[in-house]
Amino acid sequence: MKHTIIDNRTEINRLEAENARLKAEVERLTKAGDAMANVLCFCLGLSGEEPRFVKDWNAAKEGKSQP
């Protein structure tokens, strides 16, 4: 039984580390996506109403389905 507990704890630690790595990757990619959307708006000279691609990007970040 002790061996099983140790194996389970090892697996939990591995999964927690993987989860932390994935969360960090999502954060990095989200920041990159935000920066790209801002650069596109700037380069295209878009101001005022939010362009469709920004609306779609924000919906994707929030996990909402897109039309």
> Taking region 12-51 on its own, how many of its residues are more than 24 Å from the chain's Cα centre (by Cα), surrounded by 10 or more Cβ atoms within 10 Å (Cβ to Cβ) and more than 23 Å from E62 (Cβ to Cβ)?
Replying inline: 1
> For region 43-61, what are the residues that are within 23 Å of E27 (Cβ to Cβ) and part of a helix (DSSP H, G or I)?
Replying inline: F53, V54, K55, D56, W57, N58, A59, A60, K61
>> Could you tell me how many of the residues in region 1-11 are polar (S, T, N, Q) and surrounded by 10 or more Cβ atoms within 10 Å (Cβ to Cβ)?
In response: 2
> Got at least one residue in region 58-67 being more than 14 Å from the chain's Cα centre (by Cα) and modelled with pLDDT of 90 or more?
Replying inline: no
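The values are calculated or read from the model by the stated rules, or taken from the named source; none is laboratory data. Remember, predicted model here, so these are calculated numbers, not experimental data. Here the Cβ is made from the backbone with ideal geometry for all residues, glycine too, and neighbour counts use every protein chain on show.
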